[in-house]
Amino acid sequence: GEVMVDEYNDIYVASSTYSTDFPVTGNALQQSNNGKQEGVIFKMSASLDNLLWSTYIGGSADDAVYNISISEEGGLYIGGGTTSDDFPVMPGAYQNSFQGGSADGFVAKLHNNGSQILASTYYGSKQYDQVYFVDTDLKGKVYVLGQTAAQGNTFIYNAPWNQPGGGQFVSRLKKNLSGLVFSTAFGNSSNQGPDISPTSFMVDYCSSIYIAGWGGGLNNFGGTSGLPVTPNAYQSITDGNDYYFMVLAPDAQALQYATFFGGSQNVGEHVDGGTSRFSKKGAIYQAIC
């Protein structure tokens, strides 16, 4: 899940629950757990003395909300993963049905009072997929970062820089989530699935795209070996169990920067239940183990 704070210091939380009695408010878009694990989103006052709104979101199978993003143009975007074939998608969605595999990603735009889904879509393939992060740029354009086990060019569209078969995707969707603007994949295709656990995602003031993650034995994914680095990398060699940072040019025109960050003892640096943050000016703040 994730915690975000708005300009008024009100607090937004995105997470998941198995509870059937999670506290929801009267204006919630979904009043009850539809089955199994369900996503939850809620907003509290800055002093934590008032639950301003709270809602479930999900279908009849397992759902997870990983991320919440406050749009520059208003409204909230969430991203996550689902095994439900009845996740609440809206008419005109880019993908209006579950695509297959063990899980699909999803993206949704909510009214800022939590009472209504303004737009939503599945986002996946016939293989495993999940959306870990959503962010918007200054013009309200919607970007997502996720994982996939899809091979070949499944997640590559209108993107000059790409790595076919990569286990991570970066995509931009139309604001109303009705279509795809561009998508790229990156990663070591020999892993045939995800390489890293994404920990942060940001689109800066100039629409460059920032990604952070970690890989290795502790997350049971492919690891950082074979991921691309640039000639000016802070650390160009990896033992396979490191952090990984990268920056893409706007619309995935090129790889601007990529580096590993970690030790050389083949032990798992990782982010254990935590996260990291980018500032819009391009600095990264990382909580690590």
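A few points about this structure:
- The requirement of being under 23 Å from residue 230 (Cβ atoms), modelled with pLDDT under 95 and open to solvent by 40 Å² or more (accessible area, probe 1.4 Å) is fulfilled somewhere in the range 173-190, by at least one residue.
- Candidate set from the range 163-174 (those that are farther than 7 Å from residue 187 by Cα and in contact (Cβ under 8 Å) with a residue 60 or more places away in the chain); member that is farthest from the chain's Cα centre (by Cα): 174
- Reported count of residues in the range 94-116, each being closer than 24 Å to residue 54 by Cα and either in contact with a helix residue (DSSP H, G or I) (Cβ under 8 Å, 6 or more places away or on another chain) or small (Gly, Ala, Ser) (or both), is 4.
- The residue that is surrounded by the most Cβ atoms within 10 Å (Cβ to Cβ), counting only those in the range 10-68 that are farther than 30 Å from residue 101 by Cβ and β-branched (Val, Ile, Thr), is 24.
- Strands (runs of 3 or more DSSP E) fully within the range 238-289 counting 3 or more residues that are surrounded by 20 or more Cβ atoms within 10 Å (Cβ to Cβ): 243-248
- Taken across the range 104-113, residues that are open to solvent by less than 10 Å² (accessible area, probe 1.4 Å), over 20 Å from residue 203 (Cα atoms) and at pLDDT below 95 do not occur at all.
- Being buried (at least 22 other Cβ atoms within 10 Å of the Cβ), more than 19 Å from residue 123 (Cα to Cα) and at pLDDT 95 or above is a description that does not apply to residue 234.
- Within the range 191-224, restricting attention to residues that are open to solvent by 30 Å² or more (accessible area, probe 1.4 Å) and part of a helix (DSSP H, G or I), the residue that is nearest to residue 139 (Cα to Cα) is 191.
- Among residues of the range 268-289 that are under 13 Å from residue 200 (Cβ atoms) and without any contact (Cβ under 8 Å) to a residue 12 or more places away in the chain, those with a Cβ under 9 angstrom from a residue that is surrounded by 18 or more Cβ atoms within 10 Å (Cβ to Cβ) and of a type in the set (S, T, N, Q), sequence gap 6+ or separate chain, pair up as 285/200; 285/276.
- Residue pairs whose Cβ atoms lie under 8 Å apart, separated by 6 or more positions or on different chains, with the first residue in the range 224-237 and closer than 20 Å to residue 185 by Cβ and the second in a loop (DSSP other than H, G, I, E, B) and open to solvent by 50 Å² or more (accessible area, probe 1.4 Å), are 229/236.
- Candidates are the residues of the range 120-172 that are β-branched (Val, Ile, Thr) and more than 24 Å from residue 39 (Cβ to Cβ); the one that is surrounded by the fewest Cβ atoms within 10 Å (Cβ to Cβ) is 154.
- Flag if residue 93 is among the hydrophobic types (A, V, I, L, M, F, W, C), in contact with a strand residue (DSSP E or B) (Cβ under 6 Å, 6 or more places away or on another chain) and open to solvent by 10 Å² or more (accessible area, probe 1.4 Å): yes
The values are calculated or read from the model by the stated rules, or taken from the named source; none is laboratory data. None of these values were measured; they are calculated from a predicted model. Heads up, the Cβs are rebuilt from the backbone with ideal geometry, glycines too, and the neighbour counts pull from every protein chain shown. Note: accessible area is taken over every heavy atom of the protein model, side chains too, but ligands, DNA and RNA are not part of it. Shrake-Rupley method; radii C 1.70, N 1.55, O 1.52, S 1.80 Å.
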